[in-house]
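Contents: one structure, followed by commentary.
Bear in mind these aren't lab numbers, they're just calculated from the coordinates by the rules spelled out. Because the structure is predicted, anything quoted here is derived from the model rather than measured. Neighbour counts are summed over all protein chains in view; Cβ atoms, including those assigned to glycine, are modelled from backbone coordinates with ideal geometry.
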Amino acid sequence: MTSDILKQPAASTSIFQRLLCWEGFLLAVTLAVFVVNAFASPYFLDIWNLSDATFNFTEKAIIVLPMAMLIIAREIDLSVASTIALSSTIMGLSAAAGVDTPMLVIIGLGVGLLCGLLNGILVTRFNLSSIVITIGTMSLYRGIAYILLGDQALNSYPESFAWFGQGYVWGALSFEFALFILLSAVFVFLLHKTNFGRRTYAIGNNPTAAWFSGINVKRHNLALFALVGLMAGLASVLLTSRLGSTRPTIAMGWELAVVTMVVLGGVNILGGSGSMVGVIIAAFLMGLVTFGLSLLNVPGIVMSIIVGAMLIVVISLPIITRRIMKRRHA
Amino acid sequence: MWQKLLKHREALLGLVILLMILSIGSRVPSFIASDNLVGIFNDTSILIILALGQMMVLLTKGIDLSMAANLALSGMIVALINFHYPDVPVWLLLILATGLGLIMGAINGLLVWKLGIPAIVVTLGTMSIYRGIIFLLSGGSWVNSNQMGADFLGLPRTLILGLPVLSWCAIAVLLLVSYFLSYSRTGRAFYTAGGNATAAYYTGINAGKMQFVSFCLSGMLAGFCGYLWISRFAVAYVDVANGFELQVVAACVIGGISTMGGSGRVLGCLFGALFLGVINNALPVIGVSPFWQMAISGTVIVIAVLLNERGNKRKGRLILRDAALARQKMAVKS
């Protein structure tokens, strides 16, 4: 651990420039994928098709936004997919009991928030490693969903509830996508223009120094965990509304996709650096890649090979290039 | 008092397991019949072997989430070979599965050691890659028991001195790992590398290389279990052992193996696995739906981590501060 901290001053000088390059690179790749898709399939450029394409990544992307901040602050939450499952299950049970739409949304968000708070309290109050705790809560939350549902499915949602995942705000602009755009703007502002955002970077670079400079590190991280939970709850509302049914296996494996998007966006998995713009572009990139592959009839499990490989390649690329650059300098 | 108990956590855990078995036995006497107990141990054997592999990775401050996918892939490959070339002897398949596991572990290890990518990221990635490759190889179809040879299926079930070979495998791996970690130079180096990387560096131990070796070993054991699993459950498909990596990590955490590296004992690992094994076997007996299993293991992980990391919180002391500072200055200059 000490050696990591000691090495950082040397590396941080060029991190900002590298990130700028990284975002440019991401944008170029995204545009390239867009063009390739447009040529590969004649249906791709249809406005309604593009609108459909946004559906398969907006829910994940909404969790990616706060997750990026959490990872920048040196923590991680692997329980987000299970949080979605639990929140969706409770919404489903409430709907079956006759609860109406506005209350359902509040319940969904509330369950997410509670799950996030529990993670945060366990990690910050007891100084525990967030990876292990959230691996534990990952099976706890989904486990509760299994206890409540067994092998059943819930699908007695009120009709008005479907609007969140299936409704359109204006023309082909879906409510989900509009919400994602709005939240993106909010999170860019939050991370890059507020004290809260600056503190996140300070904690990620050196929690001890951040503490000595008067930042309440624990409370800050607790807030971040709660935020991730809340957004997972929101994603659960959107996903449940879009699918119109809940099974305990809902959103299985999403934590991998979410972490991949964050890392792809240029956030250092060890914390301390990264930008919201990069993460947002990465979310679009992943969405376009998976949509393009599905237009080409590539099965889901093969896509998971590609996602896994992307995760590793994207992290190792900067490490390898840095090493080559160093060799050239020496 | 509490502190003292925590120090003897293996004894405590053993006691808890014993109490659990006895209290269930008092309600359902057949639960403590000797052949049922042997059955529980046999059921838990694969978990024990995998947990021992995971333990070695955890000791060096890594984590291997790809173990279950590794197991499934090596298992699927040997099952396919057995299906298409029934003449290949089983011992060769066993070696092949272990070798395949070793290769997959080495890939994880190389990425962690040579590129310095955090183990959790590497193994999250390789987990879905290995799992996806199974689909590519099998085309999504199953290899069923009637497509496997009698030898292939029979080996883990063969009784030696009243115990199935599967249980003997677990005992053998337990003894080997125990010897390796206590008496071999590399085994001791695992503890040093995970406990204090700086100290390890000054004593000439390459912490990264130790991580690599531990990943190779955990991969080997996962591959070995790949054959055992497929032959025991007599079916191979894409989702074999899906999510089992969490059970394995849970067994280690319950057994007191620190996820921060450098501390934990083989006996704890064994008891951690047995604890889960007893719960899994007891749930249907006492009439609890198996859907509870996931939530229970999640709760147990959280509680175990809470107890552990509080129990062995020791302050590290940087005795070679000047040397570290000098290195930092060098790093800033260059």
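Structural remarks
- Value at 222 nm in deg cm²/dmol, rounded to 500, when DSSP H runs of n ≥ 4 in chain B each add -39,500 (n - 2.57): -24500 deg cm²/dmol
- Sorted fewest first by neighbouring Cβ atoms within 10 angstrom, B:Lys114, A:Lys60, A:Lys326 come out as A:Lys326, B:Lys114, A:Lys60.
- Panel order for B:His84, A:His329, A:His220, by other beta carbons found within 10 Å of each beta carbon, from fewest to most: A:His329, B:His84, A:His220.
- Under a model in which nothing but the beta-carbon of Lys, Arg (+1) and Asp, Glu (-1) is charged, the protein assembly as shown shows a dipole of about 3060 debye around its Cα centre.
- Angle between chain B longest axis and helix B:90-115 axis [Cα atoms, degrees, rounded to 10]: 30 degrees
- Dipole in debye (nearest 20) - chain B, about Cα centre, beta carbon charges: Lys, Arg +1; Asp, Glu -1: 1760 debye
- Sequence-distant contacts, meaning Cα pairs under 8 Å at least 6 residues apart, place the relative contact order of the stretch A:20-323 at 34 percent.
- Prolate/oblate/rounded call for the stretch B:79-162, Cα gyration tensor, a/c under 1.5 rounded: prolate
- Prolate/oblate/rounded call for the protein assembly as shown, Cα gyration tensor, a/c under 1.5 rounded: rounded
- With Cα atoms defining each centre, the stretch A:243-262 and the stretch B:103-136 are spaced 21 Å apart in the structure.
- For the stretch A:237-248, Karplus couplings with θ = phi - 60° (6.51, -1.76, 1.60), whole Hz, Gly/Pro x: 4, 5, 5, 4, 5, 6, 7, x, 8, 10, 10, x
- Each Lys or Arg adds one and each Asp or Glu takes one away; over the other residues whose Cβ falls under 12 Å from the Cβ of A:Ser88, this sums to +2.
- Whether chain B is rounded, prolate or oblate, judged on the alpha carbon gyration tensor where a/c under 1.5 counts as rounded: oblate
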